[in-house]
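So the structure is just underneath, and the comments pick up after that.
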Amino acid sequence: MPVSAPLLAGESFVHILDLAQIDHPMARAAVEMSRTRTLLSVPLRKDGDLLGMIVGARKEVRAFTDKQIALLQNFAAQAVIAMENARLLGELRQRTEEVAELNRGLEARVAEQVEELGRVGRLKRFLAPQLAELIVSQGDEKVLESHRREIVVVFCDLRGYTAFTETAEPEDALNFLREYHGTLGPLVSQFEGTLDHFAGDGIMVFFNDPVPCPDPAERAVKMAMAMREAAGKLINVWRRRLGSELGFGAGIAQGYATLGQIGFPDRSGYTATGTVCNLAARLCAEAKDGQILVSSRIAEAVEAVARLEDLGNLDLRGLRSPVAAFNVVQSTGAADAHSNLTVVARGPGA
(Lines give C-alpha, C1' and ligand atoms only; values in the text may rest on other atoms or scores of the structure.)
Protein backbone atom coordinates (compact mmCIF):
# COMPACT_ATOMS: atom_id res chain seq x y z
CA MET A 1 0.00 0.00 0.00
CA PRO A 2 1.42 3.40 -0.92
CA VAL A 3 0.33 4.68 2.52
CA SER A 4 2.33 2.37 4.79
CA ALA A 5 5.63 2.40 2.93
CA PRO A 6 6.42 6.08 3.62
CA LEU A 7 5.38 5.71 7.25
CA LEU A 8 7.69 2.72 7.62
CA ALA A 9 10.41 4.87 6.10
CA GLY A 10 9.90 7.45 8.86
CA GLU A 11 7.54 10.02 7.31
CA SER A 12 5.50 12.01 9.84
CA PHE A 13 2.31 11.59 7.77
CA VAL A 14 1.06 10.61 4.31
CA HIS A 15 -1.38 12.94 2.53
CA ILE A 16 -2.83 11.71 -0.79
CA LEU A 17 -5.04 14.23 -2.50
CA ASP A 18 -6.69 11.79 -4.92
CA LEU A 19 -6.45 8.02 -4.55
CA ALA A 20 -7.92 7.62 -8.02
CA GLN A 21 -4.64 8.90 -9.42
CA ILE A 22 -2.66 6.17 -7.65
CA ASP A 23 -1.88 3.08 -9.71
CA HIS A 24 -2.07 0.49 -6.98
CA PRO A 25 -4.58 -2.35 -6.43
CA MET A 26 -5.35 -1.35 -2.85
CA ALA A 27 -5.83 2.27 -3.86
CA ARG A 28 -8.22 1.25 -6.64
CA ALA A 29 -10.07 -1.03 -4.20
CA ALA A 30 -10.46 1.80 -1.68
CA VAL A 31 -11.91 4.07 -4.35
CA GLU A 32 -14.26 1.41 -5.68
CA MET A 33 -15.46 -0.05 -2.37
CA SER A 34 -15.54 2.95 -0.02
CA ARG A 35 -15.40 5.75 -2.61
CA THR A 36 -12.44 7.22 -0.76
CA ARG A 37 -10.67 9.96 -2.71
CA THR A 38 -8.55 12.04 -0.32
CA LEU A 39 -6.55 10.18 2.34
CA LEU A 40 -4.54 11.29 5.36
CA SER A 41 -2.55 8.70 7.35
CA VAL A 42 -0.71 9.55 10.61
CA PRO A 43 1.56 6.97 12.28
CA LEU A 44 1.27 5.57 15.77
CA ARG A 45 4.94 5.48 16.64
CA LYS A 46 6.82 4.76 19.87
CA ASP A 47 10.59 4.97 20.17
CA GLY A 48 10.89 4.89 16.38
CA ASP A 49 8.79 1.74 16.00
CA LEU A 50 5.60 1.88 13.92
CA LEU A 51 2.74 0.48 15.97
CA GLY A 52 -0.06 1.33 13.56
CA MET A 53 -1.70 4.32 11.97
CA ILE A 54 -4.74 6.57 12.16
CA VAL A 55 -6.41 7.28 8.85
CA GLY A 56 -8.64 10.18 7.87
CA ALA A 57 -10.56 9.91 4.57
CA ARG A 58 -12.84 11.99 2.37
CA LYS A 59 -15.13 10.87 -0.42
CA GLU A 60 -14.34 14.02 -2.31
CA VAL A 61 -11.09 15.38 -3.53
CA ARG A 62 -10.31 18.00 -0.92
CA ALA A 63 -7.04 18.41 0.92
CA PHE A 64 -6.74 18.31 4.69
CA THR A 65 -5.58 21.57 6.22
CA ASP A 66 -2.41 21.91 8.27
CA LYS A 67 -4.54 22.40 11.36
CA GLN A 68 -6.44 19.17 10.67
CA ILE A 69 -3.19 17.31 10.09
CA ALA A 70 -1.77 18.65 13.39
CA LEU A 71 -4.96 17.68 15.21
CA LEU A 72 -4.77 14.11 13.89
CA GLN A 73 -1.08 13.90 14.82
CA ASN A 74 -1.88 15.06 18.34
CA PHE A 75 -4.64 12.47 18.57
CA ALA A 76 -2.19 9.79 17.39
CA ALA A 77 0.31 10.84 20.08
CA GLN A 78 -2.40 10.57 22.74
CA ALA A 79 -3.41 7.18 21.40
CA VAL A 80 0.20 5.92 21.70
CA ILE A 81 0.27 7.13 25.32
CA ALA A 82 -3.01 5.35 26.02
CA MET A 83 -1.70 2.16 24.43
CA GLU A 84 1.47 2.31 26.51
CA ASN A 85 -0.53 2.94 29.69
CA ALA A 86 -2.72 -0.05 28.90
CA ARG A 87 0.37 -2.21 28.37
CA LEU A 88 1.92 -1.02 31.64
CA LEU A 89 -1.35 -1.59 33.46
CA GLY A 90 -1.46 -5.14 32.12
CA GLU A 91 2.11 -5.75 33.24
CA LEU A 92 1.32 -4.24 36.64
CA ARG A 93 -1.66 -6.55 37.05
CA GLN A 94 0.48 -9.50 36.07
CA ARG A 95 3.22 -8.50 38.51
CA THR A 96 0.60 -7.93 41.21
CA GLU A 97 -0.75 -11.43 40.67
CA GLU A 98 2.79 -12.83 40.74
CA VAL A 99 3.56 -10.97 43.99
CA ALA A 100 0.28 -12.17 45.49
CA GLU A 101 1.17 -15.74 44.54
CA LEU A 102 4.64 -15.32 46.03
CA ASN A 103 3.10 -13.92 49.21
CA ARG A 104 0.74 -16.88 49.43
CA GLY A 105 3.68 -19.21 48.98
CA LEU A 106 5.70 -17.27 51.56
CA GLU A 107 2.85 -17.35 54.07
CA ALA A 108 2.49 -21.10 53.58
CA ARG A 109 6.25 -21.55 53.99
CA VAL A 110 6.32 -19.39 57.14
CA ALA A 111 3.42 -21.39 58.60
CA GLU A 112 5.25 -24.58 57.72
CA GLN A 113 8.46 -23.33 59.33
CA VAL A 114 6.60 -22.23 62.47
CA GLU A 115 5.05 -25.69 62.71
CA GLU A 116 8.45 -27.25 62.08
CA LEU A 117 10.03 -25.14 64.82
CA GLY A 118 7.23 -26.16 67.14
CA ARG A 119 7.81 -29.83 66.37
CA VAL A 120 11.55 -29.41 66.92
CA GLY A 121 10.86 -27.66 70.22
CA ARG A 122 8.56 -30.45 71.37
CA LEU A 123 11.05 -33.14 70.40
CA LYS A 124 13.96 -31.30 72.04
CA ARG A 125 12.26 -31.75 75.40
CA PHE A 126 13.38 -35.38 75.36
CA LEU A 127 15.75 -35.79 72.39
CA ALA A 128 19.20 -34.48 71.62
CA PRO A 129 18.73 -31.34 69.47
CA GLN A 130 20.47 -32.87 66.47
CA LEU A 131 18.19 -35.92 66.62
CA ALA A 132 15.05 -33.80 67.01
CA GLU A 133 16.02 -31.78 63.95
CA LEU A 134 16.78 -34.98 62.05
CA ILE A 135 13.34 -36.43 62.75
CA VAL A 136 11.61 -33.19 61.76
CA SER A 137 13.69 -32.80 58.59
CA GLN A 138 12.65 -36.31 57.55
CA GLY A 139 9.03 -35.36 58.23
CA ASP A 140 8.36 -38.66 59.97
CA GLU A 141 7.53 -39.07 63.66
CA LYS A 142 6.64 -42.74 63.32
CA VAL A 143 9.91 -43.51 65.08
CA LEU A 144 8.23 -42.20 68.24
CA GLU A 145 5.41 -44.75 68.09
CA SER A 146 5.47 -47.72 70.45
CA HIS A 147 8.08 -50.32 69.46
CA ARG A 148 10.63 -52.74 70.87
CA ARG A 149 14.38 -52.32 70.55
CA GLU A 150 17.63 -53.15 72.26
CA ILE A 151 18.94 -50.07 74.07
CA VAL A 152 21.54 -49.00 76.59
CA VAL A 153 20.09 -47.30 79.69
CA VAL A 154 21.95 -44.94 82.02
CA PHE A 155 20.66 -44.03 85.47
CA CYS A 156 22.56 -41.54 87.61
CA ASP A 157 21.84 -39.65 90.79
CA LEU A 158 23.51 -38.13 93.83
CA ARG A 159 24.73 -39.87 96.96
CA GLY A 160 23.64 -38.10 100.14
CA TYR A 161 21.11 -35.85 98.41
CA THR A 162 18.27 -36.67 100.85
CA ALA A 163 20.44 -35.75 103.83
CA PHE A 164 21.52 -32.60 102.01
CA THR A 165 17.90 -31.47 101.50
CA GLU A 166 17.12 -32.09 105.17
CA THR A 167 19.81 -29.67 106.34
CA ALA A 168 20.05 -27.16 103.49
CA GLU A 169 17.66 -24.29 102.93
CA PRO A 170 15.06 -25.09 100.24
CA GLU A 171 16.44 -22.27 98.08
CA ASP A 172 19.95 -23.74 98.30
CA ALA A 173 18.67 -27.21 97.38
CA LEU A 174 16.78 -25.80 94.38
CA ASN A 175 19.75 -23.73 93.24
CA PHE A 176 22.00 -26.77 93.49
CA LEU A 177 19.58 -28.84 91.39
CA ARG A 178 19.49 -26.11 88.74
CA GLU A 179 23.26 -26.09 88.52
CA TYR A 180 23.39 -29.88 88.58
CA HIS A 181 20.87 -30.28 85.75
CA GLY A 182 22.40 -27.38 83.87
CA THR A 183 25.80 -29.07 84.06
CA LEU A 184 24.77 -32.62 83.18
CA GLY A 185 21.94 -31.88 80.75
CA PRO A 186 24.15 -30.64 77.88
CA LEU A 187 26.22 -33.81 78.12
CA VAL A 188 23.14 -35.83 77.10
CA SER A 189 22.94 -33.82 73.88
CA GLN A 190 26.70 -33.92 73.36
CA PHE A 191 26.71 -37.72 73.29
CA GLU A 192 23.40 -37.82 71.36
CA GLY A 193 21.48 -39.63 74.07
CA THR A 194 17.73 -39.60 74.57
CA LEU A 195 16.68 -37.98 77.83
CA ASP A 196 13.91 -39.99 79.46
CA HIS A 197 13.42 -37.75 82.49
CA PHE A 198 14.81 -35.62 85.28
CA ALA A 199 13.37 -36.65 88.65
CA GLY A 200 14.90 -34.63 91.47
CA ASP A 201 18.56 -35.57 91.41
CA GLY A 202 17.88 -38.67 89.26
CA ILE A 203 18.47 -38.68 85.51
CA MET A 204 17.60 -41.45 83.04
CA VAL A 205 19.09 -41.48 79.55
CA PHE A 206 19.09 -44.18 76.90
CA PHE A 207 20.94 -44.79 73.64
CA ASN A 208 20.15 -46.48 70.31
CA ASP A 209 16.63 -45.09 70.12
CA PRO A 210 14.73 -43.43 68.51
CA VAL A 211 17.66 -43.15 66.09
CA PRO A 212 19.92 -46.23 66.14
CA CYS A 213 23.67 -45.81 66.61
CA PRO A 214 26.52 -48.29 66.12
CA ASP A 215 28.09 -47.93 69.57
CA PRO A 216 25.46 -47.18 72.23
CA ALA A 217 27.43 -48.78 75.08
CA GLU A 218 30.52 -46.71 74.35
CA ARG A 219 28.50 -43.52 74.13
CA ALA A 220 26.75 -44.30 77.41
CA VAL A 221 29.96 -45.01 79.31
CA LYS A 222 31.72 -41.94 77.90
CA MET A 223 28.74 -39.79 78.85
CA ALA A 224 28.63 -41.23 82.38
CA MET A 225 32.37 -40.58 82.84
CA ALA A 226 31.93 -37.00 81.62
CA MET A 227 29.00 -36.60 84.02
CA ARG A 228 31.05 -38.02 86.90
CA GLU A 229 33.81 -35.50 86.23
CA ALA A 230 31.43 -32.55 85.83
CA ALA A 231 29.34 -33.50 88.87
CA GLY A 232 32.51 -33.91 90.95
CA LYS A 233 33.61 -30.37 90.21
CA LEU A 234 30.17 -29.01 91.04
CA ILE A 235 29.97 -31.01 94.26
CA ASN A 236 33.38 -29.69 95.39
CA VAL A 237 32.12 -26.13 94.94
CA TRP A 238 29.00 -26.80 97.02
CA ARG A 239 30.99 -28.71 99.62
CA ARG A 240 33.10 -25.60 100.20
CA ARG A 241 30.02 -23.40 100.14
CA LEU A 242 27.76 -25.35 102.50
CA GLY A 243 29.87 -28.20 103.84
CA SER A 244 27.52 -30.69 102.15
CA GLU A 245 28.55 -34.31 101.74
CA LEU A 246 27.32 -35.22 98.29
CA GLY A 247 28.50 -37.81 95.78
CA PHE A 248 27.68 -39.08 92.31
CA GLY A 249 26.87 -42.58 91.11
CA ALA A 250 25.59 -44.19 87.91
CA GLY A 251 24.39 -47.53 86.60
CA ILE A 252 24.40 -48.72 82.96
CA ALA A 253 22.74 -51.79 81.43
CA GLN A 254 21.92 -53.09 77.96
CA GLY A 255 18.86 -55.04 76.84
CA TYR A 256 15.51 -54.96 75.10
CA ALA A 257 12.82 -52.47 76.08
CA THR A 258 9.49 -51.17 74.85
CA LEU A 259 9.71 -47.52 73.85
CA GLY A 260 7.28 -44.84 72.74
CA GLN A 261 5.74 -41.45 73.25
CA ILE A 262 3.53 -40.90 76.28
CA GLY A 263 1.54 -37.99 77.66
CA PHE A 264 -1.10 -35.73 76.16
CA PRO A 265 -1.06 -33.00 73.46
CA ASP A 266 0.07 -30.17 75.73
CA ARG A 267 2.73 -32.18 77.50
CA SER A 268 4.35 -35.33 76.23
CA GLY A 269 7.48 -37.37 76.75
CA TYR A 270 9.33 -40.31 75.31
CA THR A 271 10.14 -43.23 77.58
CA ALA A 272 11.44 -46.78 77.79
CA THR A 273 10.14 -49.60 79.97
CA GLY A 274 11.54 -53.05 80.62
CA THR A 275 13.91 -55.09 82.76
CA VAL A 276 16.93 -53.27 81.33
CA CYS A 277 15.65 -50.04 82.89
CA ASN A 278 15.20 -51.72 86.27
CA LEU A 279 18.69 -53.22 86.08
CA ALA A 280 20.31 -49.85 85.30
CA ALA A 281 18.36 -48.24 88.15
CA ARG A 282 19.42 -50.98 90.62
CA LEU A 283 23.07 -50.71 89.56
CA CYS A 284 22.86 -46.95 90.09
CA ALA A 285 21.36 -47.44 93.56
CA GLU A 286 24.18 -49.85 94.43
CA ALA A 287 26.95 -47.50 93.19
CA LYS A 288 29.03 -45.69 95.77
CA ASP A 289 30.31 -42.14 95.34
CA GLY A 290 32.28 -41.94 92.10
CA GLN A 291 31.28 -45.39 90.87
CA ILE A 292 29.77 -46.16 87.48
CA LEU A 293 28.45 -49.72 87.69
CA VAL A 294 27.84 -51.54 84.42
CA SER A 295 26.44 -54.93 83.51
CA SER A 296 28.56 -57.65 81.92
CA ARG A 297 27.23 -56.87 78.44
CA ILE A 298 28.32 -53.26 78.78
CA ALA A 299 31.68 -54.36 80.14
CA GLU A 300 32.29 -56.56 77.09
CA ALA A 301 31.34 -53.73 74.73
CA VAL A 302 33.62 -51.09 76.30
CA GLU A 303 36.61 -53.06 77.60
CA ALA A 304 38.76 -51.57 74.80
CA VAL A 305 38.01 -47.98 75.79
CA ALA A 306 37.52 -48.16 79.57
CA ARG A 307 39.40 -49.63 82.50
CA LEU A 308 37.01 -51.76 84.53
CA GLU A 309 37.02 -53.16 88.04
CA ASP A 310 35.32 -56.56 88.41
CA LEU A 311 33.00 -56.41 91.43
CA GLY A 312 31.76 -59.99 91.07
CA ASN A 313 28.09 -60.88 91.42
CA LEU A 314 25.91 -58.41 93.28
CA ASP A 315 22.52 -59.07 94.88
CA LEU A 316 20.40 -56.18 93.68
CA ARG A 317 17.06 -55.29 95.24
CA GLY A 318 14.12 -56.37 93.09
CA LEU A 319 16.12 -58.82 90.97
CA ARG A 320 15.88 -62.56 91.63
CA SER A 321 19.41 -63.56 90.64
CA PRO A 322 22.79 -61.99 91.41
CA VAL A 323 24.14 -59.79 88.63
CA ALA A 324 27.75 -59.57 87.46
CA ALA A 325 28.82 -55.94 87.84
CA PHE A 326 31.86 -53.89 86.90
CA ASN A 327 32.97 -50.42 87.97
CA VAL A 328 34.30 -48.00 85.35
CA VAL A 329 37.41 -46.58 86.99
CA GLN A 330 39.03 -44.89 84.00
CA SER A 331 38.95 -41.10 84.00
CA THR A 332 38.63 -39.08 80.82
CA GLY A 333 40.44 -35.84 80.07
CA ALA A 334 38.92 -32.85 78.30
CA ALA A 335 40.06 -34.22 74.95
CA ASP A 336 38.06 -37.42 75.49
CA ALA A 337 34.90 -35.72 76.63
CA HIS A 338 33.47 -35.55 73.13
CA SER A 339 31.79 -38.56 71.63
CA ASN A 340 33.26 -38.28 68.11
CA LEU A 341 30.49 -40.69 67.12
CA THR A 342 28.15 -40.44 64.18
CA VAL A 343 24.59 -41.67 63.79
CA VAL A 344 24.70 -44.14 60.93
CA ALA A 345 21.22 -45.68 61.00
CA ARG A 346 17.79 -44.17 60.68
CA GLY A 347 14.26 -45.15 61.50
CA PRO A 348 12.67 -47.58 63.94
CA GLY A 349 14.31 -50.78 62.73
CA ALA A 350 17.10 -52.37 64.77
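The values are calculated or read from the model by the stated rules, or taken from the named source; none is laboratory data. Quick caveat: nothing in here was measured; it's all calculated off a predicted structure. Here the Cβ is made from the backbone with ideal geometry for all residues, glycine too, and neighbour counts use every protein chain on show. Please note that ligands, DNA and RNA were not included when accessible areas were found on the heavy atoms of the full protein model with its side chains. Shrake-Rupley method; radii C 1.70, N 1.55, O 1.52, S 1.80 Å.
Normalising the Debye intensity of the stretch 160-271 to I(0), with uniform scatterers on Cα atoms only, and taking log10 at q = 0.21, 0.24 Å⁻¹ returns -1.16, -1.35.
Computed with every protein chain present, the accessible area of F191 is close to 0 Å² [probe 1.4 Å]. Could you list log10 I(q)/I(0) for the chain at q = 0.06, 0.08, 0.11 Å⁻¹, which the Debye formula gives when each Cα is one point scatterer? Debye output, listed in q order: -0.45, -0.53, -0.82. Compute the relative contact order of the chain as a whole-number percentage, counting only Cα pairs closer than 8 Å that sit 6 or more residues apart in sequence. It rounds to 14 percent for the chain. Descending by average beta-carbon neighbour count within 10 Å, the peptides 73-86, 40-53 line up as 40-53, 73-86, the highest first.
Across the stretch 207-334, how large is the tail of the calculated P(r) beyond 21 Å, expressed as a percent of all Cα pairs? The share of Cα pairs beyond 21 Å in the stretch 207-334 comes to 47 percent. Note down the net charge around Q94, summing +1 for each Lys or Arg and -1 for each Asp or Glu among other residues with Cβ under 14 Å from its Cβ. Surrounding charge for Q94 is -1. Other residues whose C-beta falls under 14 angstrom from the C-beta of L8 contribute a net charge of -1, scoring Lys and Arg +1 and Asp and Glu -1. Structure remark: mean-square fluctuation, Gaussian network model of the chain, C-alpha springs under 10 Å; the largest value among A70, A100, A173 belongs to A70. Surface composition of the chain: carbon and sulfur atoms hold 53% of the protein heavy-atom accessible area at a 1.4 Å probe.
S137 contributes an accessible area of around 90 Å² to the protein surface, as traced by a 1.4 Å probe with all chains present. Per the Debye formula on identical point scatterers at the alpha carbon atoms of the stretch 263-329, with no solvent, log10 I(q)/I(0) at q = 0.18, 0.27 Å⁻¹ is -0.69, -1.23. About its Cα centre, the dipole of the chain is roughly 960 debye, where the only charges are +1 on Lys and Arg Cβ and -1 on Asp and Glu Cβ. With K and R counted +1 and D and E -1, the other residues having a Cβ less than 9 Å from that of P216 yield a net charge of -3.
For the chain, the solvent-accessible area of protein heavy atoms averages 55 Å² per residue (probe radius 1.4 Å; ligands and nucleic acids excluded). The helix-based estimate of mean residue ellipticity at 222 nm for the chain, built from -39,500 (n - 2.57) per DSSP H run of four or more residues and divided by its residue count, is -15000 deg cm²/dmol to the nearest 500.
Scaled against the 2.2 N^0.38 Å expected of a compact globular protein of N residues, the Cα radius of gyration of the stretch 25-84 reads 1.26.
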